[in-house]
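One structure is given below, encoded as structure tokens.
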Amino acid sequence: MSRSVTVIGALVRRALNEISRVPGAAIPGVLAPTIFMLGLSSVFGKASGLGGYHADFRTFIVPVGLLQGAGFTGAATGVNLARDIEGGWFDRLLLCPAPRATLLAGVVASAALRALMPGTFLLVVAFALGVPVPTVTGLLIAALLVMGLACVMACFSITIALRFRTQQAAPLMQIASFIGVLFTTSYAPKPLLTDWLRTASDINPVTHVLEGVRQGFIGGVEWQHTWPAFVALAGMIAVLGTLAARGLRRYGY
């Protein structure tokens, strides 16, 4: 047990050290959600007048930026793993006397922590521009859900990286987060969506995660929006984590 914890901690530290050693590689992913929020709120800011938003458009869109930051971080985790595979470092890592599930846990945990960087930067800018500050409970729930979604996207991108073993598969790693966030109530409340998009958002588990994050910014935190978000996350992590673990077990054969 102690050896597994040591290995997970070492992998997390390595991922965090990459940020200080190569900060330029992390800047796009940190800035993108904030640029997204500023651009959309400037162009579509008056959309909140259509009704159903219960807040100004900027406040409505901030949770979407938080999830996008988690998605970018998860995809970057897979790209970094593909780089390590290409360079041969990952093959040496597999010689570590620790279960392969421990190696997977370390990589995924690093994504969860790194997801806080773009989210924190986005919130600092949003609060400076007048977005209401949620309660401590709302912020805590949002942080946990963002970290959880980063784990989900990391598991997906790791599966792709282990399958193709090249950084050229990066677009495939990124597409899941775009699709997952796009087909939700990301840009408009459900009553304003077209029928097909409303149906898609009902099926999409990321919708529950988004609503769980958004509740802290619009209205109060309610249990009816909290538990579905965490259940949806648990389900996605179970499915995609199983696929990632399966890919890791088959790696090298």
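The values are calculated or read from the model by the stated rules, or taken from the named source; none is laboratory data. Treat the numbers as computed from the prediction; the structure is a model and nothing was measured. Here Cβ is always computed from backbone atoms with ideal geometry, including for glycine, and neighbour counts include all displayed protein chains.
Per-residue answers, yes or no, for (1) under 17 Å from Leu16 (Cα atoms); (2) modelled with pLDDT of 95 or more:
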site: Val79; (1), (2): yes, no
site: Arg83; (1), (2): yes, no
site: Glu86; (1), (2): no, no
site: Asp91; (1), (2): no, no
site: Pro97; (1), (2): no, no
site: Leu104; (1), (2): yes, no
site: Leu123; (1), (2): no, yes
site: Leu129; (1), (2): no, no
### Message
Can you tell me which residue is nearest to Ser157 (Cα to Cα) among those in the stretch 57-89 that are surrounded by 14 or more Cβ atoms within 10 Å (Cβ to Cβ) and without any contact (Cβ under 8 Å) to a residue 40 or more places away in the chain?
### Response
Asp84
### Query
When both residues are 6+ apart or on different chains and their Cβ atoms are under 8 Å apart, which pairs have a first residue that lies in the stretch 90-115 and is farther than 22 Å from Phe72 by Cα, and a second that is of a type in the set (Val, Ile, Thr) and in a helix (DSSP H, G or I)?
Asp91/Ile85; Cys96/Val7; Ala98/Val7; Thr102/Val7; Thr102/Ile8
### Message
Take the residues in the stretch 115-161 that are within 10 Å of the chain's Cα centre (by Cα) and of a type in the set (Val, Ile, Thr); name whichever of them is surrounded by the fewest Cβ atoms within 10 Å (Cβ to Cβ).
### Response
Val146
### Members of the stretch 179-204 found to be over 15 Å from Gln68 (Cβ atoms), outside any loop (DSSP other than H, G, I, E, B) and in contact with a helix residue (DSSP H, G or I) (Cβ under 7 Å, 6 or more places away or on another chain), listed by number
Lys190, Leu192, Arg198, Ser201
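Which of the residues that make up the stretch 25-50 are more than 23 Å from the chain's Cα centre (by Cα) and in contact (Cβ under 8 Å) with a residue 12 or more places away in the chain?
Within the stretch 25-50, Phe44, Gly45, Ala47, Ser48, Leu50 qualify.
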### Message
Suppose we keep only residues that are without any contact (Cβ under 8 Å) to a residue 40 or more places away in the chain and within 17 Å of Asn80 (Cβ to Cβ) within the stretch 1-24. Which one would you say is surrounded by the most Cβ atoms within 10 Å (Cβ to Cβ)?
### Response
Arg13
### Message
Among the numbered criteria (1) modelled with pLDDT of 90 or more; (2) surrounded by 20 or more Cβ atoms within 10 Å (Cβ to Cβ), which one does Ser48 miss?
### Response
(1)
